[in-house]
1. Of these, I318, I348, which one is out of contact with any His (no Cβ under 7 Å at 6 or more places or on another chain), of a type outside the set (K, R) and not in a helix (DSSP H, G or I)?
2. For region 85-123, name all the residues that are basic (K, R) and at pLDDT below 95.
3. Can you pull out the residues in region 48-57 that are over 14 Å from K78 (Cα atoms) and in contact with a Leu (Cβ under 9 Å, 6 or more places away or on another chain)?
4. Of all residues in region 263-280, which are within 16 Å of the ligand (Cβ to nearest atom) and either outside any strand (DSSP E or B) or within 11 Å of L110 (Cα to Cα) (or both)?
5. Is there a residue being within 15 Å of the ligand (Cβ to nearest atom), part of a helix (DSSP H, G or I) and at pLDDT below 95 anywhere in region 176-193?
6. From (1) in a helix (DSSP H, G or I); (2) modelled with pLDDT under 90; (3) surrounded by 15 or more Cβ atoms within 10 Å (Cβ to Cβ), pick out the condition that doesn't hold for I137.
7. Report those helices (runs of 4 or more DSSP H) wholly inside region 35-129 carrying at least 3 residues which are within 16 Å of the ligand (Cβ to nearest atom) and surrounded by 13 or more Cβ atoms within 10 Å (Cβ to Cβ).
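The values are calculated or read from the model by the stated rules, or taken from the named source; none is laboratory data. Remember, predicted model here, so these are calculated numbers, not experimental data. Heads up, the Cβs are rebuilt from the backbone with ideal geometry, glycines too, and the neighbour counts pull from every protein chain shown.
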Amino acid sequence: MYDKITDPENPNSNLKVQKAIEQPDQINHTFLNHFKAKRQLTVEEFVKGILEGNRTVLSQAITLVESSLYEHQTKAQKIIEQCLPHAGKSIRVGITGVPGVGKSTTIEALGNMLTKQQHKLAVLAIDPSSEKTKGSILGDKTRMETLANNPSAFIRPSPSAGSLGGVARKTREIIVLCEAAGYDVIFVETVGVGQSEVAVASMVDFFLLLQLANAGDELQGIKRGIMEMADAISINKADGDNKAPSELAARQYRNALALFPPSSSGWQPQVFTSSAYTLDGIDHIWETISDYVTLTKGNGYFYQRRNEQNLRILSETINYHLTQRFYEDKQIRLRLEQVRKDVLDNRISAYVAAQTLIDEYFSQS
Ligand code: GDP
């Protein structure tokens with residue numbers, strides 16, 4: 001039946017042992033491979049995948065950045081740190097305008113043009129609506145369909161939750177990951193309604209404002225501050241009957257901008273018309289951005305602005321962590337509850353109460 005074999009531990013013994021029946025492999029390799037595929041990548045695997053331009057790995061890394069779980073955050077920070085030396089080489093462009101002005105159509109037209117010129121484009125979005133509504137102005141429709149299927153473009157919608165500050169911080173980190181993955185043009189899209197522009201301006205090199213003819217500034221919800229931030233204004237939908245009014249509006253904006261004080265970049269903001277339908281003026285948008293980059297790299301403003309943005313990230317991150325730790329402190333949470341009552345009952349002024357709590361926090365051992 002079975003082969004009698006010599007006991008390998010005792011070869012001179014007359015006792016022969018029987019070789020047992022070979023057992024089938026205990027491990028189901030199909031499942032093993034499945035679990036292997038499902039397991040989280042290591043930091044090194046993430047970094048390698050990102051540097052190779054692997055979009056799936058890039059997407060997964062962005063999901064880690066967006067996660068609020070502590071272990072995801074720490075892992076994301078390690079990935080970002082290792083990607084940083086490979087980042088920074090792109091042109092970062094902020095694009096804003098009220099809903100319906102044609103941001104996604106313009107980005108799609110511009111994006112398809114850029115990828116034909118061998119650029120790799122990442123489109124990110126900051127959407128201030130998401131915090132309140134949990135919905136999103138920028139994400140509620142099927143947007144940029146042809147660009148979404150373009151292998152040289154990477155589109156990532158706005159994270160759907162979090163404060164504007166939080167979303168802005170994460171977007172900066174996502175820019176680093178996209179740059180490390182080889183994207184040399186980054187568009188950060190936002191809705192032109194206020195605060196989010198300030199956040200976007202603090203992370204881009206160039207700011208493009210899209211406007212419409214025949215709509216007053218109030219109607220377009222564009223505040224003077226946003227116009228002041230713009231490096232270029234394009235009057236979009238300059239096609240058909242709308243062409244002549246768009247050119248008139250461009251002249252009016254040019255006159256209005258001439259009254260603004262000159263920027264320290266040495267750049268004179270440009271105003272022109274474009275149509276994402278006929279594609280007239282789309283190439284001019286990119287020419288203008290390229291001219292701006294040439295000028296500001298030449299006079300050093302480009303680098304100075306990035307340095308200032310970096311210092312701003314430093315102080316914002318310190319502020320963020322200090323605030324987080326303060327509010328998460330058990331003792332402070334208890335005291336805060338009590339102090340809130342005292343303030344409401346007018347037993348202590350809000351200023352004094354705040355100072356007292358902060359002193360208490362920092363005097364803890
Ligand atoms: P967004 O909300 O700013 O992203 O605007 P969309 O890109 O979604 O465009 C809003 C509407 O305007 C859509 O129906 C577009 O088809 C239309 N649109 C966008 N660009 C143009 C353009 O250049 N000319 C014309 N005539 N319509 C446009």
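1. The conditions single out I348.
2. Within region 85-123, K89, K103 meet the criteria.
3. Our first condition is that a residue be over 14 Å from K78 (Cα atoms); within region 48-57, this holds for 49, 51-57.
G49, V57, listed by residue number.
4. Filtering region 263-280 down to residues within 16 Å of the ligand (Cβ to nearest atom) leaves 272-280.
Hits for region 263-280 are S274, S275, A276, Y277, T278, L279, D280.
5. There is no residue in region 176-193 that is within 15 Å of the ligand (Cβ to nearest atom), part of a helix (DSSP H, G or I) and at pLDDT below 95.
6. (1) is the only condition that I137 fails.
7. In region 35-129, the matching helices (runs of 4 or more DSSP H) lie at 103-116.
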